[in-house]
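Asks: Okay, here's the structure, questions in a sec.
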Amino acid sequence: MLESSSRTAPTPSFFATFTGLEITAIRRSVARYAAQLGLTGEQLQDFVLAVNEIVTNAVMHGGGYGELRLWGAGKAVGCEVVDMGPGGAAEVAAGPAEAGGRGMRLARLLVDELHVVDSPTGTVVRLVTSLPVTG
Amino acid sequence: MASLPSFPGRGSFADLQLGDHLCLPVSSDTERLCGTVEFTGLGLRRDAKVIIFSDTETPDELAAHLPTLLPDAVPALAAGQVQVVPCRDIYLAGGAFDPGRTLAGFVAQVELAVAQGYSGLWLAVDVAWSLSGLPDTHTLVAWEAAANATIAEHPVTAMCVYDRTRFCPALLERVYKAHPMTPGQAPLRFARTLDPPGLLLSGEVDLTNHDALAALLCPLHTMPGHITIDATGLHFADLRAADLLSGVRAARRQCPTTIIGSTALNRVLELAEKTRPAEGRRPHA
């Protein structure tokens with residue numbers, strides 16, 4: 001896993017490349033940074049599980065490796081997973097039975113927003129969860 | 001001495017316990033030797049018997065290193081608490097690899113260690129023996145996965161040392177997934193329980209150790225009577241892990257199955273059910 005604090009828009013708090021061997025390390029990093037950005041308790045667990053499923057999809061169905069960016073934006077935490085597969089994630093997301101489709105559907109239940117963009121060079125999945133309202 | 005890989009965020013090599021099945025990838029003979037010495041020292045501190053199955057070095061060559069690197073090993077070697085044995089003596093006994101006979105051989109060694117008054121048996125294996133001793137790679141992966149169920153039933157800790165420079169990366173990735181523990185990946189601990197009958201699980205399950213969990217759960221599919229899977233110590237489980245666990249309940253049909261989950265596991269079990277196609281929904285026991 002390659003980690004850095006590279007700065008592209010939106011400004012990531014965490015950036016890493018991954019293969020199947022880095023799934024556990026990626027998840028722990030996402031948990032740590034998302035907690036630093038303000039997610040706690042069940043909301044943090046849900047966010048981490050959702051990201052884990054999308055990263056797993058990238059490894060299993062998206063070419064075996066990918067990139068992950070995580071950032072805080074105002075009152076939300078966002079994460080973007082880019083895989084290097086042939087595309088088709090939008091169809092996977094809609095499919096009722098396929099394993100990758102279930103992972104995507106599970107992730108949708110765990111975060112406030114999930115967007116999928118296919119391109120010929122891969123798929124981008126963006127997940128956003130609002131921070132808890134305080135005060 | 002070369003430094004050993006650690007379990008990032010989940011303790012270190014020194015956290016190994018009875019019942020663990022660890023895959024230790026190394027990149028040199030020195031790393032393998034260091035890992036084997038550290039494992040041996042840890043086993044001795046836990047009052048266990050330690051058997052080192054050697055392949056790259058002869059038992060005499062390996063035993064010659066121990067007094068320098070691990071002074072505690074000198075009296076233990078003399079007393080038989082530490083033994084160095086060629087891999088072929090157990091894996092290729094009878095001339096060819098026979099998984100059933102090999103497992104029976106290991107179980108006999110565990111029972112002997114316990115009868116001798118040790119807390120259990122710690123096994124360090126230089127898996128280089130498989131490079132010339134197995135007909136295909138599938139046999140190796142299947143063996144590693146199948147060993148989990150036997151380890152769950154006995155007081156044994158096993159460390160399988162793989163030299164990255166001698167095994168192809170694609171095979172190693174499959175081998176890692178068959179182990180419940182590989183440094184840097186999700187660690188899964190387990191033990192068969194008698195009262196209540198079933199399985200105790202703790203740690204984490206993700207893509208890196210799905211195959212180990214599947215192999216552990218497989219014998220439960222046909223176990224008679226009411227079983228309990230106590231997974232309260234499982235603090236992370238992904239969708240596939242939830243499917244494997246609820247699959248035990250589905251496979252057992254009329255035999256009751258209780259799954260006691262952590263908050264995290266209960267959450268993913270519930271969500272797994274919600275995302276399952278209607279025709280595949282599983283009734284709760």
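The values are calculated or read from the model by the stated rules, or taken from the named source; none is laboratory data. Every value quoted in this text rests on a predicted model; they were computed, and no experiment measured them. Glycine gets a Cβ as well: all are built from the backbone with ideal geometry, and neighbour counts include every protein chain shown.
Asks: When you look at residue A:29, is it of a type in the set (S, T, N, Q) and within 18 Å of residue B:203 (Cα to Cα), yes or no?
Replies: Yes; evaluated as a whole, the condition is true for this residue.
Asks: With the checklist (1) over 12 Å from the mean Cα position of the chain (by Cα); (2) within 14 Å of chain A (Cβ to nearest Cβ); (3) assigned to a helix (DSSP H, G or I) in hand, flag the one item residue B:176 doesn't pass.
Replies: Unmet for residue B:176, out of (1) over 12 Å from the mean Cα position of the chain (by Cα); (2) within 14 Å of chain A (Cβ to nearest Cβ); (3) assigned to a helix (DSSP H, G or I): (1).
Listed here are the residues, each with its yes/no results for (1) under 30 Å from residue B:168 (Cβ atoms); (2) touching a helix residue (DSSP H, G or I) at 6+ places or on another chain (Cβ under 7 Å).
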position: B:22; (1), (2): yes, no
position: B:34; (1), (2): yes, no
position: B:53; (1), (2): yes, yes
position: B:83; (1), (2): no, no
position: B:120; (1), (2): no, yes
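Asks: For residue B:207, which of the numbered conditions (1) surrounded by 15 or more Cβ atoms within 10 Å (Cβ to Cβ); (2) away from every other protein chain (no Cβ under 14 Å); (3) in a loop (DSSP other than H, G, I, E, B) fails to hold?
Replies: So the condition that residue B:207 fails would be (2).
Asks: Here are some residues: B:249, B:253, B:189. Which one is of a type in the set (Lys, Arg) and farther than 30 Å from residue B:138 by Cα?
Replies: Only one candidate qualifies: B:253.
Asks: Additional query: Determine whether residue B:202 is part of a strand (DSSP E or B), surrounded by fewer than 19 Cβ atoms within 10 Å (Cβ to Cβ) and without any contact (Cβ under 8 Å) to a residue 40 or more places away in the chain.
Replies: Yes, satisfied.
Asks: Can you pull out every residue in segment B:142-173 that is touching a strand residue (DSSP E or B) at 6+ places or on another chain (Cβ under 6 Å) and not in a helix (DSSP H, G or I)?
Replies: B:153, B:156, B:157, B:158, B:159, B:160, B:161, B:162, B:163, B:164, listed by residue number.
Asks: Hey, can you tell me all the residues within segment B:86-97 that are loosely packed, with under 15 Cβ neighbours inside 10 Å and on the phi < 0 side of the Ramachandran plot?
Replies: B:89, B:93, B:96
Asks: Go through (1) part of a helix (DSSP H, G or I); (2) within 14 Å of chain A (Cβ to nearest Cβ); (3) over 23 Å from residue A:43 (Cβ atoms); (4) more than 14 Å from the chain's Cα centre (by Cα) one by one and return the number of the condition residue B:242 breaks.
Replies: Failed condition: (3).
Asks: Moving to a separate point now. If I filter segment B:159-180 for residues that are closer than 16 Å to residue B:217 by Cα and in contact with a Phe, Trp or Tyr (Cβ under 7 Å, 6 or more places away or on another chain), do I get at least one hit?
Replies: yes
Asks: Please specify each residue of segment A:22-37 satisfying the condition of being within 12 Å of chain B (Cβ to nearest Cβ) and without any contact (Cβ under 8 Å) to a residue 12 or more places away in the chain.
Replies: Correct list: A:24, A:28, A:32.
Asks: Residues that are in contact with a Cys (Cβ under 8 Å, 6 or more places away or on another chain) and of a type in the set (Ser, Thr, Tyr), at least 1 per element: which helices (runs of 4 or more DSSP H) completely within segment B:41-121 meet that?
Replies: none
Asks: Next question, about the same structure. Determine if segment B:68-76 includes at least one residue that is of a type outside the set (Val, Ile, Thr), within 20 Å of the chain's Cα centre (by Cα) and surrounded by 16 or more Cβ atoms within 10 Å (Cβ to Cβ).
Replies: no
Asks: Restricting to segment B:186-199, name every residue that is assigned to a strand (DSSP E or B) and in contact with a helix residue (DSSP H, G or I) (Cβ under 8 Å, 6 or more places away or on another chain).
Replies: B:188, B:190, B:191, B:192, B:198, B:199
Asks: Read through the list (1) within 12 Å of chain A (Cβ to nearest Cβ); (2) farther than 27 Å from residue B:155 by Cα; (3) modelled with pLDDT under 95, then give the number of the only condition that residue B:254 fails.
Replies: (1)
Asks: Pull out all pairs, ordered by first then second residue, where Cβ-Cβ is under 6 Å, the residues are six or more apart or on different chains, the first lies in segment B:236-249 and is farther than 16 Å from residue A:60 by Cβ, and the second is of a type in the set (D, E, K, R).
Replies: Correct list of pairs: B:236/B:204; B:246/B:282.
Per-residue answers, yes or no, for (1) over 18 Å from residue B:112 (Cα atoms); (2) among the polar types (S, T, N, Q):
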{"residue": "B:30", "(1), (2)": "yes, yes"}
{"residue": "B:35", "(1), (2)": "yes, no"}
{"residue": "B:46", "(1), (2)": "no, no"}
{"residue": "B:52", "(1), (2)": "no, no"}
{"residue": "B:67", "(1), (2)": "yes, no"}
{"residue": "B:77", "(1), (2)": "no, no"}
{"residue": "B:94", "(1), (2)": "yes, no"}
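Asks: If residue B:213 satisfies every condition in (1) in a loop (DSSP other than H, G, I, E, B); (2) touching a Pro at 6+ places or on another chain (Cβ under 8 Å); (3) crowded, with 22+ Cβ neighbours inside 10 Å but one, which is the exception?
Replies: Exception for residue B:213: condition (1).
Asks: Among all residue pairs at least 6 apart or on different chains, which show Cβ distances below 9 Å where the first residue, located in segment B:216-230, is over 11 Å from residue B:249 (Cα atoms) and at pLDDT 95 or above and the second is assigned to a strand (DSSP E or B) and among the aromatic types (Phe, Trp, Tyr)?
Replies: Taking only residues 6 or more apart or on different chains, the pairs are B:216/B:190.
Asks: Could you list, ordered by first residue, the pairs with Cβ atoms under 7 Å in which the first is in segment A:38-53 and more than 7 Å from every other protein chain (Cβ to nearest Cβ) and the second is among the small types (Gly, Ala, Ser), at least 6 apart or interchain?
Replies: A:44/A:31; A:44/A:34; A:44/A:35; A:47/A:34; A:48/A:31; A:48/A:34; A:50/A:107
Asks: Which of the residues spanning segment B:100-123 are aliphatic (A, V, I, L, M) and under 18 Å from the mean Cα position of the chain (by Cα)?
Replies: Within segment B:100-123, B:103, B:104, B:107, B:108, B:110, B:121, B:123 qualify.
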